[in-house]
Protein chains: 2
Amino acid sequence: MAIKYELIKTCKQSGARLGRLHTPHGVIETPIFMPVGTQATVKSMTPEELKDINSQIILSNTYHLYLRPGHKLIEKAGGLHKFMNWDKPILTDSGGFQVFSLGPLRKISEEGVEFRSHLDGSKHFISPEKAVEIQNSLGSDIMMAFDECAPYPADHDYVKKSLERTTRWAKRCKDAHENTDKQALFGIIQGGMYKDLREQSAKEIIDLDFPGYSVGGLSVGEPKDLMYEVLEYTTPLMPKDKPRYLMGVGSPDDLIEGVIRGIDMFDCVLPSRIGRNGTAMTSQGKVVIKNAKHKESFEPLDPECDCYTCKNYSRSYLRHLFKANEILGLRLLTNHNLYFLLNLMKEVRQAIMDDRLLDYRKEFFLKYGYEL
Amino acid sequence: MAIKYELIKTCKQSGARLGRLHTPHGVIETPIFMPVGTQATVKSMTPEELKDINSQIILSNTYHLYLRPGHKLIEKAGGLHKFMNWDKPILTDSGGFQVFSLGPLRKISEEGVEFRSHLDGSKHFISPEKAVEIQNSLGSDIMMAFDECAPYPADHDYVKKSLERTTRWAKRCKDAHENTDKQALFGIIQGGMYKDLREQSAKEIIDLDFPGYSVGGLSVGEPKDLMYEVLEYTTPLMPKDKPRYLMGVGSPDDLIEGVIRGIDMFDCVLPSRIGRNGTAMTSQGKVVIKNAKHKESFEPLDPECDCYTCKNYSRSYLRHLFKANEILGLRLLTNHNLYFLLNLMKEVRQAIMDDRLLDYRKEFFLKYGYEL
C-alpha cells in the first residue's frame with residue numbers, strides 16, 4: 001500500500017477528524033488544504049516558499065501536463081517531483097474535470113473522451129487507462145480515477161447514468177494502475193445533488209476498495225447550503241479508515257464547513273487566483289488592495305498574520321505594486337493567501353484536538369464577517 | 001559627507017580600480033553592478049533574494065516614482081528604503097534620461113523640462129530643483145544631478161550647448177540639495193563623442209566639487225568601440241578619490257571594458273529584461289531557453305554557475321515554464337542573470353586584486369564567445 005491513513009481523533013463538537021496521512025514522500029497532517037500547481041508550478045511560488053508557509057502536499061494537473069510538456073518528458077526527467085524540484089507529496093487529478101469543461105471541444109463515449117487541446121486545437125483521447133498511464137508516468141503520490149463530473153443542475157436520469165459510467169471507469173482505472181506500492185489511486189463518489197444517487201455511487205465505488213475516496217461533483221455552481229447538505233449525507237457513507245477529499249473547495253467558510261462534515265483534504269485555485277488579482281483573505285475579511293483607501297495605509301494586510309508579506313510590507317506598498325503591474329505584488333499576495341488558508345487549517349486541527357471546532361468557527365466568522 | 005570612496009588598489013595590467021564606497025546604508029565593494037528597481041522593486045525579486053545573490057546596492061527611478069506612487073507618499077512611508085523593505089544602499093537617477101526619452105511628449109527650456117506622463121497624459125514640470133526635491137524625499141544614498149543627455153548622433157554645436165546647460169543645472173541641483181550629510185549628489189559629465197567637449201564638461205562639473213561623478217551620454221546607440229574610446233579619454237580627467245559611475249551599461253563585455261578603463265559603478269536593465277524574456281547569460285554565452293534543443297536537456301542553464309536556479313532546475317523545466325507563461329520561469333532567469341553579472345564583478349574584483357584583469361578578460365571571452 002502506497003499510503004496509510006491514521007485517524008487520531010474525532011472532534012466532540014462535530015464530525016471533524018484529526019489524522020495523519022502517510023505517503024511515500026512524507027506524512028501529511030489532516031485536515032489539510034493543498035495549494036494547486038496546475039502546470040508543475042504553484043503560480044509565482046518556489047518550492048522553498050511553499051515549504052516556508054508549511055505546504056504539506058500540492059496538487060498538479062494530468063490534463064495540462066499531458067498536453068505540455070508531456071508526461072513522457074516528465075517521466076524521462078525522473079518524475080514530477082524531480083522535474084519541479086518538490087520532494088513532498090503530490091496529488092494529481094485525473095484530467096476528467098478539465099476535459100469535461102472543454103464543452104464543445106470534447107466528445108464523451110463509453111471508451112473515454114475525445115477532445116481538442118485548448119493550446120493548439122490538436123485532437124486527443126483520454127480514457128480511464130490513459131489517465132492512469134499519464135499519472136503513473138508523473139509519479140504522484142496520490143492519483144485520481146478518471147470520472148465523469150455531472151454539471152449543476154442535471155436531472156436524476158442523467159446523473160444516474162453518469163455515476164454508473166464513473167463506476168465502470170473507476171474499475172478500469174484500478175485494473176490499469178501499474179504502481180500500487182508507490183502511488184495510491186483514489187476513487188471518486190459522484191451522484192450530483194441526489195441522496196439516493198450519492199448512496200448508490202458511494203456503495204459502488206467503495207466496493208472497489210480504493211485507499212482513499214473523493215467527493216466529486218460539488219462546488220460546481222450549486223448553492224453552498226446544498227453542498228453542505230450533500231456532504232452531510234455522503235461522508236457518513238465513507239470508510240473511517242481512509243482519507244476523504246473534497247475536490248475544488250478553498251474558501252475559508254467551505255473549508256471549515258467541510259471539515260465539520262468529516263472531510264480531510266481540500267484543493268482550490270481560489271486563494272492563488274484572487275491573490276494574483278489583488279484580493280487578500282485576512283482575519284477581518286477580504287481586502288481589495290487596489291482600493292484608494294489603502295493608498296496611504298502603512299499597516300500590514302492583516303495585523304494578525306505572521307506571513308512574510310504581512311511582516312515586511314505595507315498595504316500602501318502592495319497597492320503601489322499592483323497599480324504598477326509589478327510581479328512582486330502578485331507574489332506577495334499569493335504567498336499571503338496560501339499562508340492564510342494553511343494557517344487556518346492548522347488552527348482547525350488544533351480546534352479539533354481541543355474538541356472546540358464549532359466554537360472556533362464562531363470566533364473565526366465573527367471577525368471574518370460570515371453570517372452563521 | 002554622506003559617502004566616502006576608498007581606493008584600495010589599481011590593477012597593474014590596466015586602469016581598473018579596486019575600492020570601497022562607504023554609504024549611510026553600508027559599504028559597497030567596487031567595481032560593482034547595480035540591479036535596477038525602476039518602480040521601487042527589482043522586477044520579480046524580493047529584497048532577500050537580492051541579498052542572497054550579493055546585491056550590494058540597487059538603483060531606482062526618480063521619474064517613475066514621482067509619477068507613481070508619488071515621492072511625497074514615499075516620504076510619508078519613511079523613505080524609499082522602508083517603503084520597499086531594502087536596507088542596503090540605493091542610488092536614484094534624476095529622471096533626466098526618462099523625460100528626454102519621452103520625445104514629442106516633452107519640451108525643454110532653461111528652467112527645466114515640461115512633459116506629459118506616459119501613464120495618463122497629465123502635464124508635469126521637472127526642474128533641477130524639483131529633481132533634487134524628489135530625491136530628497138526618496139532618501140536615496142546617492143542622488144544624480146538633473147542633466148541633459150544628448151542623443152547619438154548629435155553635432156558639435158548641439159552637444160556643446162547641451163553640456164553647458166547640464167553644468168548650469170548641476171550648479172542649481174547642488175544649491176537645492178538639502179540633505180548633504182545623508183545623501184550624496186553625483187555630477188554627470190556629458191560631451192557626447194567629442195573629446196574637447198568631454199574635457200570641457202569634466203572641468204566644469206568637477207570644478208563644482210561633487211562627492212562622485214558619472215559619465216553620462218554613453219550607451220545611447222553609438223558603436224561599442226566609440227564608447228570605449230570616450231571612456232579612455234574621459235576617466236583620466238576624473239578625480240582618483242571619488243567614485244566613477246557609467247550609466248546604463250550592463251552587458252558582460254561592456255562591464256569588463258568599462259572597469260579596465262577605470263569605472264567603478266554600473267547599472268542596466270539588460271540582465272533582468274532579457275531574463276524575463278527567456279534569455280540567460282551563461283559562462284558559455286547566451287542561452288535562449290525556449291529553443292527546441294533544450295526540450296529534453298536535463299542539465300542546468302550554466303554548469304559552472306552556483307546560483308539557486310542552476311543548482312535546482314533543468315533547462316527542460318525552465319523551458320516548460322516559459323512555454324507555459326509561468327511566472328516562476330522569469331523569476332528564475334532574472335535571478336540567474338543578476339547572479340551571473342554580480343558574480344562576474346566579484347571575479348573582476350579578484351582579478352584586479354591579483355593584477356591580472358586583462359588575462360581574466362581573455363579567459364572569460366574565450367568561453368563566452370566574444371571576439372577580442
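Have a look at B:Pro303, B:Pro236 and point out the one that is outside any strand (DSSP E or B), under 30 Å from B:Lys203 (Cβ atoms) and of a type outside the set (Asp, Glu).
On the way: B:Pro303 fails: under 30 Å from B:Lys203 (Cβ atoms).
Just a single option satisfies the conditions, and that option is B:Pro236.
Has region B:323-339 got at least one residue that is touching a residue at least 24 places away in the same chain (Cβ under 8 Å), among the basic types (Lys, Arg) and not in a helix (DSSP H, G or I)?
Residues of region B:323-339 touching a residue at least 24 places away in the same chain (Cβ under 8 Å): B:323, B:327, B:329-339.
Those still in the list that are among the basic types (Lys, Arg) too: B:323, B:331.
The next check asks that each one be not in a helix (DSSP H, G or I); those that pass are none.
Within region B:323-339 (the criterion being touching a residue at least 24 places away in the same chain (Cβ under 8 Å), among the basic types (Lys, Arg) and not in a helix (DSSP H, G or I)), the answer is no, since none of the residues qualifies.
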Among the residues of region B:279-299, write down those that are more than 7 Å from chain A (Cβ to nearest Cβ), surrounded by fewer than 20 Cβ atoms within 10 Å (Cβ to Cβ) and either acidic (Asp, Glu) or within 26 Å of A:Asn335 (Cβ to Cβ) (or both). B:Glu299
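Among the residues of region A:326-363, count how many are under 22 Å from the mean Cα position of the chain (by Cα) and under 28 Å from A:Asp264 (Cα atoms). Full working, then the answer.
Taking region A:326-363 first, the residues under 22 Å from the mean Cα position of the chain (by Cα) are A:330-352, A:357, A:361.
Now narrow it down to the ones that are under 28 Å from A:Asp264 (Cα atoms): A:331-352, A:357, A:361.
Final tally of qualifying residues: 24.
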Conditions first: (1) over 30 Å from B:Lys82 (Cβ atoms); (2) crowded, with 24+ Cβ neighbours inside 10 Å; (3) of a type in the set (A, V, I, L, M, F, W, C). B:Val132 passes all but one, so which condition is the exception? (1)
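Given the criteria more than 13 Å from the chain's Cα centre (by Cα), farther than 17 Å from A:Leu328 by Cα and not polar (S, T, N, Q), does B:Glu49 qualify?
Details: more than 13 Å from the chain's Cα centre (by Cα): yes; farther than 17 Å from A:Leu328 by Cα: no; not polar (S, T, N, Q): yes.
When the stated conditions are applied, B:Glu49 does not pass them.
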In region A:305-325, the residues that are among the basic types (Lys, Arg) and under 28 Å from the mean Cα position of the chain (by Cα): A:Lys311
Number of the condition not met by B:Asp302 [criteria: (1) surrounded by fewer than 16 Cβ atoms within 10 Å (Cβ to Cβ); (2) closer than 16 Å to B:Ile289 by Cα; (3) within 25 Å of the chain's Cα centre (by Cα); (4) not small (Gly, Ala, Ser)]: (1)
Which condition does A:Asp241 not pass, out of (1) surrounded by fewer than 17 Cβ atoms within 10 Å (Cβ to Cβ); (2) farther than 26 Å from A:Glu347 by Cβ, if it passes all the others? (2)
Failed criterion for A:Tyr339 (all others in (1) surrounded by fewer than 18 Cβ atoms within 10 Å (Cβ to Cβ); (2) modelled with pLDDT of 95 or more hold): (1)
Quick check on my filter: what residues within region B:78-87 are surrounded by fewer than 21 Cβ atoms within 10 Å (Cβ to Cβ) and within 10 Å of chain A (Cβ to nearest Cβ)? B:Gly78, B:Lys82, B:Asn85
Qualifying residues in region B:1-22 (those that are in a loop (DSSP other than H, G, I, E, B) and over 15 Å from B:Gly258 (Cα atoms)) - the one farthest from the other protein chains (Cβ to nearest Cβ): B:Lys12
Residues of region A:172-212 being farther than 28 Å from A:Ile90 by Cβ and free of Cβ contacts under 8 Å to residues at least 24 places away in the same chain, in sequence order, are A:Asp196
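In region A:61-70, what count of residues is obtained for those that are surrounded by fewer than 23 Cβ atoms within 10 Å (Cβ to Cβ) and within 23 Å of B:Cys310 (Cα to Cα)? Don't jump to the end; show me each part of the working.
At the first step, the residues of region A:61-70 found to be surrounded by fewer than 23 Cβ atoms within 10 Å (Cβ to Cβ) are A:61, A:64, A:67-68, A:70.
Checking which are within 23 Å of B:Cys310 (Cα to Cα) leaves us with A:68, A:70.
Of the residues in that region, 2 qualify.
So is B:Arg165 over 21 Å from B:Pro24 (Cα atoms), of a type in the set (Lys, Arg) and at pLDDT 95 or above or not? Outline the logic, then answer.
Numbers: over 21 Å from B:Pro24 (Cα atoms): yes; of a type in the set (Lys, Arg): yes; at pLDDT 95 or above: yes.
Here the answer is yes, as B:Arg165 does meet what is asked.
Would you mind finding the one in A:Lys286, A:Lys290 that is part of a loop (DSSP other than H, G, I, E, B) and out of contact with any Cys (no Cβ under 6 Å at 6 or more places or on another chain)?
Values: A:Lys286 fails: part of a loop (DSSP other than H, G, I, E, B).
Of the residues listed, the single one that is part of a loop (DSSP other than H, G, I, E, B) and out of contact with any Cys (no Cβ under 6 Å at 6 or more places or on another chain) is A:Lys290.
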Inside region A:167-182, can you point out the residues that are buried (at least 17 other Cβ atoms within 10 Å of the Cβ), in contact with a helix residue (DSSP H, G or I) (Cβ under 7 Å, 6 or more places away or on another chain) and not small (Gly, Ala, Ser)? A:Thr167, A:Trp169, A:Arg172, A:Cys173, A:His177
So how many residues does region B:26-71 have that are more than 10 Å from every other protein chain (Cβ to nearest Cβ) and basic (Lys, Arg)? 1
I'm checking my understanding of the structure. Among residues of region B:306-319 that are in a loop (DSSP other than H, G, I, E, B) and more than 10 Å from every other protein chain (Cβ to nearest Cβ), which one is farthest from A:Leu65 (Cα to Cα)? B:Asp306
Just checking, does region B:186-202 include any residue being under 21 Å from the mean Cα position of the chain (by Cα), at pLDDT 95 or above and surrounded by fewer than 22 Cβ atoms within 10 Å (Cβ to Cβ)? yes
Please verify whether B:Gly96 is touching a Cys at 6+ places or on another chain (Cβ under 7 Å) and not charged (D, E, K, R), treating the condition exactly as stated. yes
Hey, A:Pro153 hits all of (1) farther than 27 Å from A:Gln183 by Cβ; (2) free of Cβ contacts under 8 Å to residues at least 40 places away in the same chain but one; which does it fall short on? (2)
If you check B:Asp355 against the conditions, is it touching a residue at least 24 places away in the same chain (Cβ under 8 Å), surrounded by fewer than 21 Cβ atoms within 10 Å (Cβ to Cβ) and in a helix (DSSP H, G or I)? no
Region B:244-276 - residue that is within 19 Å of B:Asn61 (Cα to Cα) and hydrophobic (A, V, I, L, M, F, W, C) and, of those, surrounded by the fewest Cβ atoms within 10 Å (Cβ to Cβ): B:Val269
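The values are calculated or read from the model by the stated rules, or taken from the named source; none is laboratory data. What you see is a predicted model, and the numbers here were worked out from it, not measured in a lab. Using ideal geometry, Cβ is built from the backbone for each residue, glycine included, and neighbour counts are taken over all protein chains shown.
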